[in-house]
Amino acid sequence: MIKVKIRKPISRKKYLLLAAAAFLTVFLVWSAVSSAGMVKEIFLPRPSSVLRYYLTAVSDGTLWENTKISIIRISLGFLMAVVLGIPVGILVGTFAKTEAAVRPLCEFIRYMPVPAFVPLIMVWIGIGESAKVAVIFIGTFFQLVLMVADDALSVPGDLINAGYTLGADTKQAVFRILIPAMMPRLMETLRMMIGWAWTYLVSAELVAADTGLGYTILKSQRFLKTDAIFGGILLIGLLGLVTDRIFALLNKKLFPWAKGGRQV
Amino acid sequence: MRWFKKKEKELPPRERHIEANLANSTVYVKGLYKEYPGKKGAVTAMKDVEINVLENDFVCIVGPSGCGKSTLLRMVAGLEEASGGRIVIEDNDIIGPGEDRGMVFQSYTLFPWMTVEENIKFGLKLKKMPEGEQEKIADKYLKTIKLEKFRNRYPGELSGGMKQRVAIARALANSPRVLLMDEPFSALDPQTKADMQLLMRQIWQEEKPTVLFVTHDIEEAVFLSNKIYVLTSRPGRVKREVPVLLPYHRELELKDTEAFIRLRKEVNGYIEHEKFA
């Protein structure tokens, strides 16, 4: 008799309850360990200290300022990567010639660690805003091209062939079949990529910035303000979660025919 | 882009006409040759295939798996390149896929983001047909496939049999010169499959589309068609051309008649023989 079945679905209520319980458990363990004095405040701040940090940072306006500038940077860098990366990715996944020209090059560049580019970017374009945007762009663009190419390749060949036998030419097959067919997966890809963009944002701000959430974390480390470090990290996590949910919701609303991003 | 390389120079119109062996031939395949690159040189998949589909005829191609019957159909559709020989559709050598050859695939190929109705209209939209005419044609074929109530549903909400019915309607709505069908019912359960066969025969009796139908199911071939080509296994060749001398009006009961069973066994014999030769 099988009691626990693989991939047996659970109700939405149960799902949410379990997710909330997991968050609560982590929070409780954190509170218990820090309040019991098992670990020094300097290594693990109490939840109350982090809350106090948030209150002061919100009231003096620094938190909002730093969050705003980080969101602007990530939006610009990510938007540029998306605007350039999606068309290139579609071409790579659609035509063998572009694939040969672009894929091996992208595979090569994407293995180069982005933080290592930071000094070079500083030399090339200084330490202004464009430098941070450039780090996010480099971090996401090449990966995005490859993932979009795979999304395009995932469209079944006979779906495109059906279009050909109905009188479509190659241009129509791309714009009226291939692109609409890959949209749900493309949205999923963007959802993954924006997570990466947050990672590269922090790399960019750790090195060459005097504003932003990444910078706040770095500065706090110099003064051993672990409560502020915790505050910054938690806020980034929260912002990431919010963007993720927005993308998931958009996907559901825009492509109801696709049932969770999969092809029907 | 040219998909189908023509080996010889184009023939002048008159000679071309003589080469088609019958004036009312819709699909004429001659000396078709197909090879694939292999590790030890080219592998011949198909050789000297000659097929003739007359206008308004229903022709089936059967053969053991790996005989290249699907490849043959895809070459007629222009989706795969032949290595040699000719494929003529009403006097014209084919160059790539086109709306004159509609196709129903084995896998489900409805566009999932379009409703049933939008799927049927897709080819008409590409032709920029006026909306009113599109509507009329869609109505007609929704009725033919008995899915009027499902016109605004999405493919994800349909059963496998319904999806294939819409695929047939979508191809027919485009009024192709020939309807190519590549094992369209092979993924369906036996009951749905039988219903689909009956529907397909009825559509043919009413509308007389020219059909070239590939299947590995001999019973299906005998029930549906007026003529069967039996192919041999690699390299694929036409082994036999079998006329299906059965009544014009066909119901599922036909499958239990002696004449049907005899013919089914005959065709089956040609294939069995090939398997163990």
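General observations
- Considering (1) assigned to a strand (DSSP E or B); (2) crowded, with 20+ Cβ neighbours inside 10 Å; (3) not aromatic (Phe, Trp, Tyr), the lone condition that B:GLU241 does not fulfil carries the number (2).
- Scope the range B:189-240; condition touching a Leu at 6+ places or on another chain (Cβ under 8 Å) and of a type in the set (Gly, Ala, Ser); matching residues: B:ALA194, B:GLY236
- The numbered conditions (1) in contact (Cβ under 8 Å) with a residue 24 or more places away in the chain; (2) in contact with a strand residue (DSSP E or B) (Cβ under 7 Å, 6 or more places away or on another chain) are all true for B:GLU241 except (1).
- Residue identified as at pLDDT below 90 and either surrounded by fewer than 23 Cβ atoms within 10 Å (Cβ to Cβ) or within 14 Å of another protein chain (Cβ to nearest Cβ) (or both) among A:LEU120, A:LEU153: A:LEU120
- Some residue of the range B:155-169 being in contact with an Asp or Glu (Cβ under 7 Å, 6 or more places away or on another chain), outside any loop (DSSP other than H, G, I, E, B) and under 29 Å from B:ARG240 (Cβ atoms): no
- Residue ID - farthest from the other protein chains (Cβ to nearest Cβ), chosen from residues in the range B:100-123 that are aliphatic (A, V, I, L, M) and more than 22 Å from A:PRO256 (Cα to Cα): B:VAL104
- Being in contact (Cβ under 8 Å) with a residue 24 or more places away in the chain, assigned to a loop (DSSP other than H, G, I, E, B) and not β-branched (Val, Ile, Thr) is a property that B:CYS67 has.
- Residue among A:ILE125, A:ILE179, A:ILE109 that is surrounded by fewer than 18 Cβ atoms within 10 Å (Cβ to Cβ), within 11 Å of another protein chain (Cβ to nearest Cβ) and not aromatic (Phe, Trp, Tyr): A:ILE179
- Each residue in the range A:157-175 was checked for being facing chain B (nearest Cβ under 7 Å) and not in a helix (DSSP H, G or I), and 3 of them qualify.
- The range B:124-183, residues that are at the interface with another protein chain (Cβ under 10 Å from one of its Cβ atoms), of a type in the set (D, E, K, R) and touching a residue at least 60 places away in the same chain (Cβ under 8 Å): B:ARG170, B:ASP182
- Checking B:PRO190 against (1) surrounded by fewer than 22 Cβ atoms within 10 Å (Cβ to Cβ); (2) within 12 Å of another protein chain (Cβ to nearest Cβ); (3) within 26 Å of B:GLU219 (Cα to Cα), the condition it does not meet: (2)
Per-residue answers, yes or no, for (1) in the same structural domain as B:ILE87 (by the TED database); (2) in contact with a Ser or Thr (Cβ under 8 Å, 6 or more places away or on another chain):
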residue	(1), (2)
B:TYR141	no, no
B:LYS146	no, no
B:ARG151	no, yes
B:VAL166	no, no
B:SER186	yes, yes
B:TRP204	yes, no
B:PHE213	yes, yes
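The values are calculated or read from the model by the stated rules, or taken from the named source; none is laboratory data. The structure displayed is predicted, hence computed values, not measured ones. Here the Cβ is made from the backbone with ideal geometry for all residues, glycine too, and neighbour counts use every protein chain on show.
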